[in-house]
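Colleague: Structure in structure tokens, see below.
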């Protein structure tokens, strides 16, 4: 004779009770030392997860950038510690929250920053050169000052694109708060030329945005275009200087 429906045992509840009993017995079977070790491991794991969620993992330098990060065009936020030239700078990666506070500080001394920054090359542009021991290319000093004013000592976002032949990380650099791309800004201001060599890469909007920005600067005779479009490009300047150096060494 089957049980009346109202008198049947609640299987899920019974199963839950058995599970709780087993867990309790397994826990009580542990020695105090084992219980403490388990508790400490649980706290450590929870702390690790929380730290990763809140603080993230800091990418120390250019060597720490992986091929996968480049393939995925990883977006990093960081603090610009130094502008080195008109189209590249040093980025201190700042994942998570709380930077520039008493809890998370950014080193300021050169010795404290050694091997702790990512060398960023701005995608899609080539700024006038200032080579050691040589007369700076026209516009080089102005381009350096332009970039320093906008990014040095500030937080920026960098969408990683590729690694260049010098080990620098080529990136689309975005200014806060509106995520404005620095490359087209420099072209529009006449502080750089379009970089269109075979290894060139560009931001999300593609090369056309860069071309249009340069054409606008040329039309309005801004910056390096003030005397017209017949100029020596940074690439031509470097070739000329290298040729002169080779002759001097003969």
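Colleague: Taking residue 200 as the residue in question, decide whether it is at pLDDT 95 or above, assigned to a loop (DSSP other than H, G, I, E, B) and buried (at least 16 other Cβ atoms within 10 Å of the Cβ).
Modeller: On the way: at pLDDT 95 or above: yes; assigned to a loop (DSSP other than H, G, I, E, B): yes; buried (at least 16 other Cβ atoms within 10 Å of the Cβ): yes.
Against the criterion (at pLDDT 95 or above, assigned to a loop (DSSP other than H, G, I, E, B) and buried (at least 16 other Cβ atoms within 10 Å of the Cβ)), residue 200 qualifies.
Colleague: Mind listing whichever residues of region 169-178 are within 21 Å of residue 145 (Cα to Cα) and modelled with pLDDT of 95 or more?
Modeller: 170, 171, 172, 173, 174, 175
Colleague: Taking only pairs six or more apart or across chains, which ones have beta-carbon atoms under 7 Å, a first residue in region 231-250 that is at negative phi, and a second residue that is assigned to a helix (DSSP H, G or I) and at pLDDT 80 or above?
Modeller: Every condition considered, the pairs that remain are 231/224.
Colleague: Separate question: Hey, could you check region 149-183 for residues that are touching a residue at least 60 places away in the same chain (Cβ under 8 Å) and part of a helix (DSSP H, G or I) and say which is farthest from residue 77 (Cα to Cα)?
Modeller: Looking at residues that are touching a residue at least 60 places away in the same chain (Cβ under 8 Å) and part of a helix (DSSP H, G or I), I get 183.
Colleague: A further question follows. Which condition does residue 183 not pass, out of (1) modelled with pLDDT of 95 or more; (2) over 18 Å from residue 129 (Cβ atoms), if it passes all the others?
Modeller: Failing condition for residue 183: (2).
Colleague: I need the full set of residues from region 228-250 which are touching a helix residue (DSSP H, G or I) at 6+ places or on another chain (Cβ under 9 Å) and exposed (fewer than 10 other Cβ atoms within 10 Å of the Cβ), in order please.
Modeller: Correct list: 228 only.
The values are calculated or read from the model by the stated rules, or taken from the named source; none is laboratory data. Bear in mind that the values here come from a model prediction, so they are computed numbers and not experimental data. Note that we place each Cβ from the backbone using ideal geometry, even for glycine, and neighbour counts take in every protein chain shown.
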